[in-house]
Structures are given as structure tokens and as C-alpha cells.
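One structure below.
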Amino acid sequence: MQIDLIKGHGSGNDFLLIDEISNDYFFTEEDRANLAKVLCDRGNELGADGILFILKSDRADGRMRVFNADGSEASMCGNGLRLVARYICELKGLEKAVIETMKANLKVMKQEDIFPQVHTYQVEISPVMFELRALPLNLPKPTLFNEKIKQLSDELRFTALAVPNPHLISIVETEMFQNNLQKQLSEKVNGPNDLFPDGVNVSFVKPLEKDSIYVRTFERGVGFTNACGTAMSASSLVTCLTELNNYEKAINVYNNGGKVQCVVHKLDDTYSIDLIGNATYLYRASIQLALNEKAFSVTSRTDLTEQKTYEKLQSAAQEVIKQTL
């Protein structure tokens, strides 16, 4: 079976895009999981954090399904959604579109470049849920806002929310990035445990200057990643809830993969976040796949030049991080 794909990234969070709108591929659910495990393995010629399957939708301009490298399916992915937004908009000649995801139909649009000559898209992150059952998190309370979880840490405070992926957010000082605590507690809550039966994304957030934060995320099903779009969005919301930043104002979010902007909206008790950042293509490739044998070969590959420009954004972001951490 031959498959055409694009490898791209949002904030260094890299994915393989497979277009099922223009092609007549057929994958079972087991195929999708196995395909992610085989193609995303960092030991092979492709390697990625996950696969973005782009499908037809009867209620939106397109549909996105996200499979992590371990074969699990994510309900949403903000960095991946930017790539899908670009693909759908370019495929259909649109400036704005609506993408169907597992939990919601989300608005996306082309934006002014976040950095010169860097393809930039804005995507909607919603719904936002604070009920612990939405994650789920097994604690004898309905919500968790800036509170300690004694099973995890005696000093850190956490906020739990789903956007709709589950997130556990802690606002920390610089020294917390210099020890192994985040790794230890992230592995705990993503292994067999009584708190988070389905696992959770764990982010440490460091406020920088006003309207700027640094976010590092241990992503469920992936591990430490350059960036996680929904985590950066959830982290921005938490900084607004704690009055470190303001609603309706762009927040610069720095990460190991670069930089995005988030704008948090509040309407009564309802929240949504605009995530604005790059959608960078690395190369186009064709592969010959023997999925039953869990093997493939790359039959053609065309490298693109967009990464060179993105690396300038990344260097600028790294300078900010070095000066503040």
C-alpha cells in the first residue's frame, strides 16, 4: 500500500499528516493505532510525536483525528490542529474554516505571521471543563484550583482542567525546571495510579515578564515534548484565573520548540482560548507500507525550506528563555 504524507510541526511538536479527503485510503481502528506505532518510532526514517488523519466531515470543512506515537488516540491537539487548519485551508482555498474534532467543531483561520515568513494559523481551543470527572481525577471534591495534591507533592499547587485533553498545571519557580520532580510525578500519574486512571498532561509554568510565560509539558502518550498546544492554552488560562495575566490580551507563551500566542476569552462562566502559532511543513514523502509486517520503506521524499525560517523564531525564543530561567 502506498501512502503520501507530509511531515510538519507546530512549535516543534511534529506530526505526519495523512490526507483521507483526497485519497481513498482505508484504515481500521487497529490500523490507525499500529500505523502510529510503526511510522512515529524515532528509530526509523520518519519518526514523529503522532499522526494527524485528515478526513471528510458532513458538518465541517474537515475532520481531524490524532493518534499519539504509542498508538493511543487524543481527543484534541492544538499544535496539530494548526497543521490541519493550514492543510484544509490550502486544499479548499479558504482563509477560515471549521474543523471537526472528537469533542467539538473548532474555528480556525489564517493569521498574520507570528514571525516573518512563518506560516501562522489561529485555532480555537474549547470546550474548557473544570469538573474533575471530565479528566477524570479521583479526588473527593468537584474541582481543583491552585491546591496541593498530597499524593504528588508537599509544596506544589495544581489546577486541573480539560480542554478537552486533561491537564494538570502548576505555576512554579525556576528551580523546579532544574530537578527531576516534574518527570517523576508525570510518570507516576501516567502509569498505574489511583488519581488519574486515564493519565494526564502535566505542565510546569513559569511567569516571565507581564503577558509572557514559559511552559514545559510532559505529554500523555508522548513524554516530554517540545510543546503541547492544549497545554499552552490551558496554562495561559490558569495564569488569567490567578490574575497573573489578563483576559482578551495576547499572552506570549515560550516553549522548548519556540513561541506561540494565546488569547483567553471569558463569557460569564464559559472560557475559550485562541492559540496562534506556526504551521510549518518539513517535507513531503511517499511510503510503501506493509502494515501486517509492521514495516515500510520511503519511496520518495521532497524536503522543504520552511524550517530555516522557523529556526530564526526558535533562536529568538531560546534567547528569552535563557535570560529568564
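The values are calculated or read from the model by the stated rules, or taken from the named source; none is laboratory data. The model shown is predicted, which means the values in this text are computed figures rather than measured ones. Heads up, the Cβs are rebuilt from the backbone with ideal geometry, glycines too, and the neighbour counts pull from every protein chain shown. Calculation scope for accessible area: heavy atoms of the full protein, side chains included, ligands and nucleic acids excluded. Shrake-Rupley method; radii C 1.70, N 1.55, O 1.52, S 1.80 Å.
Taking residues in the range 299-325 that are more than 21 Å from residue 281 (Cα to Cα) and in a loop (DSSP other than H, G, I, E, B), and partners anywhere that are open to solvent by less than 60 Å² (accessible area, probe 1.4 Å) and of a type in the set (D, E, K, R), the pairs with Cβ atoms closer than 7 Å and at least 6 places apart or on different chains are 325/206.
Considering each of 154, 198, 194 in turn, give the residue that is out of contact with any Lys or Arg (no Cβ under 9 Å at 6 or more places or on another chain) and on the phi < 0 side of the Ramachandran plot.
Values: 154 fails: out of contact with any Lys or Arg (no Cβ under 9 Å at 6 or more places or on another chain); 198 fails: out of contact with any Lys or Arg (no Cβ under 9 Å at 6 or more places or on another chain).
From the options 154, 198, 194, the qualifying one is 194.
Residues of the range 1-35 that are in a loop (DSSP other than H, G, I, E, B), surrounded by 15 or more Cβ atoms within 10 Å (Cβ to Cβ) and in contact (Cβ under 8 Å) with a residue 40 or more places away in the chain: 11, 12, 21.
Inside the range 216-294, counting only strands (runs of 3 or more DSSP E) that do not spill past its ends, which hold 3 or more residues that are more than 27 Å from residue 89 (Cβ to Cβ) and at pLDDT 95 or above?
Values: elements: 223-225, 251-255, 258-267, 270-278, 280-290.
Of the strands (runs of 3 or more DSSP E) lying wholly inside the range 216-294, none has at least 3 residues that are more than 27 Å from residue 89 (Cβ to Cβ) and at pLDDT 95 or above.
State all residues of the range 172-202 that are assigned to a strand (DSSP E or B) and within 16 Å of residue 130 (Cβ to Cβ); if no residue qualifies, say none. Talk me through it step by step, then tell me what you get.
Here is the first cut: in the range 172-202, the ones assigned to a strand (DSSP E or B) are 201-202.
Hit for the range 172-202 is 201, nothing else.
Within the range 295-315, the set of residues being farther than 22 Å from residue 88 by Cβ and either open to solvent by 60 Å² or more (accessible area, probe 1.4 Å) or touching a Lys or Arg at 6+ places or on another chain (Cβ under 9 Å) (or both) comprises 299, 300, 301, 303, 305, 308, 311, 312, 313, 314, 315.
Scanning the range 45-61 for residues that are part of a loop (DSSP other than H, G, I, E, B) and surrounded by 22 or more Cβ atoms within 10 Å (Cβ to Cβ) yields 48, 49.
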